[in-house]
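Colleague: Okay, here's the structure, questions in a sec.
The values are calculated or read from the model by the stated rules, or taken from the named source; none is laboratory data. From a predicted model like this one, the values you see are computed outputs, not experimental measurements. With ideal geometry, Cβ positions are generated from the backbone for all residues, glycine too; neighbour counts draw on all protein chains shown.
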């Protein structure tokens, strides 16, 4: 499956980024102002307007290669939203998208770093390392950053799972934002993000976030969908770029994701 | 519930509130008029322009739009002018767009309308 390329900086987009979500609601309005509404979730559209400046020869070549591979607006590609958290249900680790190893226990209603009670306590009562993770349908070869708020009274470390890489981070009794970032030498079309717990440890976690960039941005809560769009297309059949000089290109493009296609 | 900003505010200046009546007018040949209400009461509408939002605040509004499925869903809205709670409100539009021109520089506009109950 083709996918939208990253820039050499590891980012997918440059500022300004504009995104529009469009829903479809059928409304029957009576004379006196009462309304009967019917939602049509299948007709939802998400659009991005991306502007690129100072692209290098390689970056432009990657964009052009994708545009030719998908033949303009004809066929889809995977687009990872540069302004969103790629993980679904970032605060509901009990949802089925999260895969917890057997015997890993999750306790809800723990105080979170933003003053709520949306954190989870993840406990590993076994003698083996156990993992809580979510897989997304995105190329594993890109540059990703995983971040999660974590704290623990008893465990001095937490393992962050980013594809085949497992990285230890130090944690303490105060909430800290643990991050793991980098690029993997992996050509698979899926990648997992999560945490691994040492035997006998218990850690409070909140706000899982995966982003297609080399560093973490502010936390963004997600629900049933994250920022992975496997059915995205170029809106237009034309890709125009401007060369301001050798190795200095700019272009603007629109990407659209339509659920019903 | 409609999301609030990190400051706790619902709106930023310049905020706009609209009161809506629905009056039918029958004008006769001699110029006189007969007017009558088509709706039983006034409806409220709030236009909420938001600027300099951070990514987290934008994500909250995006989630709010998605969970409401555009103008389909209903929610309660507290009028920041007088604190009155309007229990049956919806988003006015089926589209939600924002622009991020830099870090913590998100911009969007939402319109909330009161539904007839």
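Colleague: Out of the stretch B:76-89, which residues are in contact with a strand residue (DSSP E or B) (Cβ under 6 Å, 6 or more places away or on another chain) and either within 11 Å of chain A (Cβ to nearest Cβ) or farther than 18 Å from residue B:16 by Cβ (or both)?
Modeller: B:76, B:85, B:87
Colleague: Can you tell me which of (1) closer than 21 Å to residue B:103 by Cα; (2) within 12 Å of chain A (Cβ to nearest Cβ); (3) surrounded by 15 or more Cβ atoms within 10 Å (Cβ to Cβ); (4) at pLDDT below 95 is the one residue B:11 doesn't meet?
Modeller: (2)
Colleague: With assigned to a strand (DSSP E or B), surrounded by 14 or more Cβ atoms within 10 Å (Cβ to Cβ), under 16 Å from the mean Cα position of the chain (by Cα) and in contact (Cβ under 8 Å) with a residue 40 or more places away in the chain as the only criterion, which of A:231, A:204 stands out?
Modeller: A:231
Colleague: If you don't mind, another one. For the stretch A:13-34, does any single residue satisfy the condition of being in contact (Cβ under 8 Å) with a residue 40 or more places away in the chain, outside any loop (DSSP other than H, G, I, E, B), assigned by TED's automatic domain parsing to the domain that holds residue A:235 and surrounded by fewer than 16 Cβ atoms within 10 Å (Cβ to Cβ)?
Modeller: No; the residues of the stretch A:13-34 include none that is in contact (Cβ under 8 Å) with a residue 40 or more places away in the chain, outside any loop (DSSP other than H, G, I, E, B), assigned by TED's automatic domain parsing to the domain that holds residue A:235 and surrounded by fewer than 16 Cβ atoms within 10 Å (Cβ to Cβ).
Colleague: Now, a different point. Suppose the filter is under 22 Å from the mean Cα position of the chain (by Cα), within 12 Å of chain B (Cβ to nearest Cβ) and at negative phi; does residue A:223 pass it?
Modeller: Here the answer is yes, as residue A:223 does meet what is asked.
Colleague: Only one residue in B:38, B:54 is farther than 22 Å from residue A:207 by Cβ and within 14 Å of another protein chain (Cβ to nearest Cβ). Which one?
Modeller: Criteria check complete, one pass: B:38.
Colleague: Any chance the stretch A:72-81 includes a residue that's surrounded by 14 or more Cβ atoms within 10 Å (Cβ to Cβ), in contact with a strand residue (DSSP E or B) (Cβ under 7 Å, 6 or more places away or on another chain), at the interface with chain B (Cβ under 8 Å from one of its Cβ atoms) and touching a residue at least 12 places away in the same chain (Cβ under 8 Å)?
Modeller: Filtering the stretch A:72-81 for residues surrounded by 14 or more Cβ atoms within 10 Å (Cβ to Cβ) gives A:72-73, A:76-81.
Now narrow it down to the ones that are in contact with a strand residue (DSSP E or B) (Cβ under 7 Å, 6 or more places away or on another chain): A:72-73, A:76-81.
With at the interface with chain B (Cβ under 8 Å from one of its Cβ atoms) added as a condition, the list becomes none.
Checked against the condition, which is being surrounded by 14 or more Cβ atoms within 10 Å (Cβ to Cβ), in contact with a strand residue (DSSP E or B) (Cβ under 7 Å, 6 or more places away or on another chain), at the interface with chain B (Cβ under 8 Å from one of its Cβ atoms) and touching a residue at least 12 places away in the same chain (Cβ under 8 Å), the stretch A:72-81 yields no hits at all.
Colleague: Another one. Could you tell me whether the stretch B:99-116 includes any residue that is touching a strand residue (DSSP E or B) at 6+ places or on another chain (Cβ under 9 Å), outside any strand (DSSP E or B), more than 9 Å from every other protein chain (Cβ to nearest Cβ) and farther than 17 Å from residue A:19 by Cβ?
Modeller: Step one: list which residues in the stretch B:99-116 are touching a strand residue (DSSP E or B) at 6+ places or on another chain (Cβ under 9 Å), which gives B:99-101, B:104-116.
With outside any strand (DSSP E or B) added as a condition, the list becomes B:101, B:104-105, B:115-116.
Pick out the ones that are also more than 9 Å from every other protein chain (Cβ to nearest Cβ) and you get none.
No - not one qualifying residue is present in the stretch B:99-116.
Colleague: For the stretch A:13-47, which positions are in contact with a strand residue (DSSP E or B) (Cβ under 6 Å, 6 or more places away or on another chain) and more than 10 Å from every other protein chain (Cβ to nearest Cβ)?
Modeller: Result: A:14, A:28, A:36.
Colleague: Same structure, new question: Going by the structure shown, is residue B:72 in contact with a strand residue (DSSP E or B) (Cβ under 6 Å, 6 or more places away or on another chain), closer than 23 Å to residue A:89 by Cα, more than 8 Å from every other protein chain (Cβ to nearest Cβ) and assigned to a loop (DSSP other than H, G, I, E, B)?
Modeller: No; evaluated as a whole, the condition is false for this residue.
Colleague: Need the failing condition index for residue A:6 against (1) in a loop (DSSP other than H, G, I, E, B); (2) exposed (fewer than 13 other Cβ atoms within 10 Å of the Cβ); (3) more than 13 Å from chain B (Cβ to nearest Cβ), just the number.
Modeller: Among (1) in a loop (DSSP other than H, G, I, E, B); (2) exposed (fewer than 13 other Cβ atoms within 10 Å of the Cβ); (3) more than 13 Å from chain B (Cβ to nearest Cβ), the lone unmet condition for residue A:6 is (2).
Colleague: Answer yes or no as to whether residue A:51 is under 28 Å from residue B:70 (Cβ atoms), within 14 Å of another protein chain (Cβ to nearest Cβ), surrounded by fewer than 18 Cβ atoms within 10 Å (Cβ to Cβ) and without any contact (Cβ under 8 Å) to a residue 40 or more places away in the chain.
Modeller: In short, no.
Colleague: Continuing with this model, one more query. List the number of the failed condition for residue B:45; all other conditions in (1) within 11 Å of chain A (Cβ to nearest Cβ); (2) surrounded by 12 or more Cβ atoms within 10 Å (Cβ to Cβ) hold.
Modeller: (1)
Colleague: When the residues of the stretch B:82-93 are filtered to those that are under 13 Å from the mean Cα position of the chain (by Cα) and not in a strand (DSSP E or B), which remaining residue is surrounded by the fewest Cβ atoms within 10 Å (Cβ to Cβ)?
Modeller: Across the stretch B:82-93, the extreme among qualifying residues is B:92.
Colleague: Go through (1) closer than 27 Å to residue A:82 by Cα; (2) within 13 Å of the chain's Cα centre (by Cα) for residue B:56 and report which single condition fails.
Modeller: Among (1) closer than 27 Å to residue A:82 by Cα; (2) within 13 Å of the chain's Cα centre (by Cα), the lone unmet condition for residue B:56 is (2).
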